[in-house]
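Student: Below you will find the structure I want to go over with you.
The values are calculated or read from the model by the stated rules, or taken from the named source; none is laboratory data. What you see is a predicted model; the values in this text were computed from it and never measured. Ideal geometry is used to build each Cβ from the backbone, glycine not excepted, and the neighbour counts take in all protein chains shown.
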Amino acid sequence: MTWRLASTGVELAAVAFFVLPVASQDVDVLGYTAVVEPSFETQSIMGRVRVVLRTRRPALILNAGDLSIDAVYEGGRSLPFAKRADKLLIELGSGVRGDERAIDIDYHGAPKRGLSFAPDGTQVGASFATSQWLPVIEDPSERATLDLTLLLPAGDQLQDVANGRAAERTINAVNGKAPRRWILDRPMPSYLYGFAVGPFAGAYEDAGDVVLQYRGPTTLSTEQLARIFIATPDMLNFFEDKSGVDYPFPAYTQVLLRGGRGQELAGLAMFGESYGDGVLADERNIWLGAHELAHQWWGNGVTNESWNHFWLNEGMSTFMAAAYLEHRFGREEYSRHIDAARGKYEALRAAGHDKPLVFAAWTNPSAEDRSIVYDKGAYVIHLLREELGEDAFWSGIRLYTIRHWEQSVTTFDFERAMADAAGKDLTAFFARWVYAPLDEPR
């Protein structure tokens, strides 16, 4: 079976495309250098990305969402390519396998997700899924740097935020566009890339070695923004203490977006404007802010090796947010959140939807599947805390985080770290609560 490329006449073996998963193609992406131009008028995007990689295979597969690919080349030489569903297959051809290579890709598109424009055309936010605005390997075990330049309308009162640090900026526009460059030099999984552009109000705070930046709608005053994120320095100290690892970036930015939702990114978090409204109404409504900041350690710093172990990201951060609320407001607040997680989980069990925390495959997850990884995950970690006691439990969390910092992990890695810290065999606990659903409701 072959697949003919209409634009080149080159025939590609279809079996190579379908059999070789993106996550197992024996490739190491070192970094992405991208120039991205969002169009507020057409709510579309165009861009060019250079993918620097090492591979021992003659073909490369990238995730490219609904993007249209215009050209692929290497050193000025066009490369045969084909797009099938959300995958981009590139024939690399000759070259010494294992050497560093740089592949350039021109593309455009009007993504229906992953890139959200405000209806009035003054704001855009890009987050999960990254492949809807940038061709990447969207596997959590693959880490790479990102050098991102945004081409924005010159003269507009727009602010931009993105991963990493802002490079020195020029006041000179090119063809009516102002380049805004951001450099993320710490390798991170590509699903953690993102940016936001809009007429934001801003506030800053110095938290020791970390600069905290707050962005939101211009209807909010600097004082209101500071009130919304007032707990951030305390959260930062709490998670550093519990993890045993310092926050890894010089800055942490939080952005309130119209139509946005909670999303952790590398050194950055996005929220809907309603989050700010909730905190202004009640200072205890900060669970989501704590959850997204917790991801900078559990999810971003220590990352599930595959989405089958997604509970290590979401269950852990859901639990750690509750633990922070216990620290700030007392045990009753912690119990309220753990009881809510337990209630959601037990409702799933009663309806026959219980599943192991480790999924056989995380494809097309249902709302029930997501509740399993978030709610059951947090509840099980709470039960582990009760099983081990305070000292052993928190020693285990620190050991797990330090041992696997900036690495990909499986559930067994978590089990082994907790068992090592406690000096206790946890096989029975994990067999009952993690690897298999319970037989009947408790």
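Student: Taking GLU314 as the residue in question, decide whether it is among the charged types (D, E, K, R) and touching a residue at least 12 places away in the same chain (Cβ under 8 Å). Walk me through it before giving the result.
Tutor: Details: among the charged types (D, E, K, R): yes; touching a residue at least 12 places away in the same chain (Cβ under 8 Å): yes.
So GLU314 fits the description; yes.
Student: Next question. Would you point out which residue out of GLY272, GLY267 is outside the structural domain of VAL373 (by TED's automatic domain parsing), closer than 22 Å to PHE195 by Cβ and surrounded by 23 or more Cβ atoms within 10 Å (Cβ to Cβ)? It would help to see each step written out before you state the result.
Tutor: Details: GLY272 fails: surrounded by 23 or more Cβ atoms within 10 Å (Cβ to Cβ).
Step by step, each of GLY272, GLY267 is checked, and only GLY267 is outside the structural domain of VAL373 (by TED's automatic domain parsing), closer than 22 Å to PHE195 by Cβ and surrounded by 23 or more Cβ atoms within 10 Å (Cβ to Cβ).
Student: Is there a residue being within 21 Å of GLN254 (Cβ to Cβ) and either of a type in the set (Lys, Arg) or in contact with a Leu (Cβ under 6 Å, 6 or more places away or on another chain) (or both) anywhere in the range 103-126?
Tutor: yes
Student: Got at least one residue in the range 119-132 being more than 17 Å from GLY47 (Cα to Cα), out of contact with any helix residue (DSSP H, G or I) (no Cβ under 7 Å at 6 or more places or on another chain), among the hydrophobic types (A, V, I, L, M, F, W, C) and modelled with pLDDT under 95? Explain how you work it out, then say what you get.
Tutor: We begin by selecting, within the range 119-132, every residue more than 17 Å from GLY47 (Cα to Cα); these are 119-123, 128.
This time we only want the ones that are out of contact with any helix residue (DSSP H, G or I) (no Cβ under 7 Å at 6 or more places or on another chain), so: 119-123.
The next check asks that each one be among the hydrophobic types (A, V, I, L, M, F, W, C); those that pass are none.
Checking the range 119-132: not a single residue is more than 17 Å from GLY47 (Cα to Cα), out of contact with any helix residue (DSSP H, G or I) (no Cβ under 7 Å at 6 or more places or on another chain), among the hydrophobic types (A, V, I, L, M, F, W, C) and modelled with pLDDT under 95.
Student: Just need a number here: residues in the range 186-211 that are among the hydrophobic types (A, V, I, L, M, F, W, C), over 19 Å from the mean Cα position of the chain (by Cα) and not in a loop (DSSP other than H, G, I, E, B). Break it down stepwise before answering.
Tutor: At the first step, the residues of the range 186-211 found to be among the hydrophobic types (A, V, I, L, M, F, W, C) are 188, 192, 195-197, 200-201, 203, 207, 210-211.
Among the residues that remain, those that are also over 19 Å from the mean Cα position of the chain (by Cα) are: 200-201, 203, 207, 210-211.
So of that shortlist, the ones also not in a loop (DSSP other than H, G, I, E, B) come out as 201, 203, 207, 210-211.
Here the count works out to 5.
Student: When VAL27 is evaluated against the numbered criteria (1) at pLDDT 95 or above; (2) under 25 Å from TRP182 (Cβ atoms); (3) crowded, with 17+ Cβ neighbours inside 10 Å, which criterion, by number, is the only one it fails?
Tutor: (1)
Student: Test ALA341 against the criterion of being over 23 Å from GLY260 (Cα atoms), in contact with a helix residue (DSSP H, G or I) (Cβ under 7 Å, 6 or more places away or on another chain) and either modelled with pLDDT of 95 or more or surrounded by fewer than 18 Cβ atoms within 10 Å (Cβ to Cβ) (or both), and give yes or no.
Tutor: Numbers: over 23 Å from GLY260 (Cα atoms): yes; in contact with a helix residue (DSSP H, G or I) (Cβ under 7 Å, 6 or more places away or on another chain): yes; either modelled with pLDDT of 95 or more or surrounded by fewer than 18 Cβ atoms within 10 Å (Cβ to Cβ) (or both): yes.
So ALA341 fits the description; yes.
Student: Name the single residue, out of those in the range 76-99 being loosely packed, with under 15 Cβ neighbours inside 10 Å and modelled with pLDDT of 90 or more, that is nearest to ILE61 (Cα to Cα).
Tutor: Just the residues of the range 76-99 that are loosely packed, with under 15 Cβ neighbours inside 10 Å, to begin with: 76-78, 84-85, 93-99.
Next, only the ones that are modelled with pLDDT of 90 or more stay: 77-78, 84-85.
On the way: ARG77: 18, SER78: 16, ARG84: 10, ALA85: 12 Å.
Result: ARG84.
Student: Still on this structure: With respect to TYR324, determine if the residue is outside any helix (DSSP H, G or I), under 26 Å from GLN407 (Cβ atoms) and either out of contact with any Asp or Glu (no Cβ under 6 Å at 6 or more places or on another chain) or in the same structural domain as ASP147 (by TED's automatic domain parsing) (or both).
Tutor: Values: outside any helix (DSSP H, G or I): no; under 26 Å from GLN407 (Cβ atoms): yes; either out of contact with any Asp or Glu (no Cβ under 6 Å at 6 or more places or on another chain) or in the same structural domain as ASP147 (by TED's automatic domain parsing) (or both): yes.
Here the answer is no, as TYR324 does not meet what is asked.
Student: Also: Tell me, which residue of the range 275-293 that is assigned to a helix (DSSP H, G or I) and acidic (Asp, Glu) is surrounded by the most Cβ atoms within 10 Å (Cβ to Cβ)?
Tutor: Per the criteria, the residue is GLU292.
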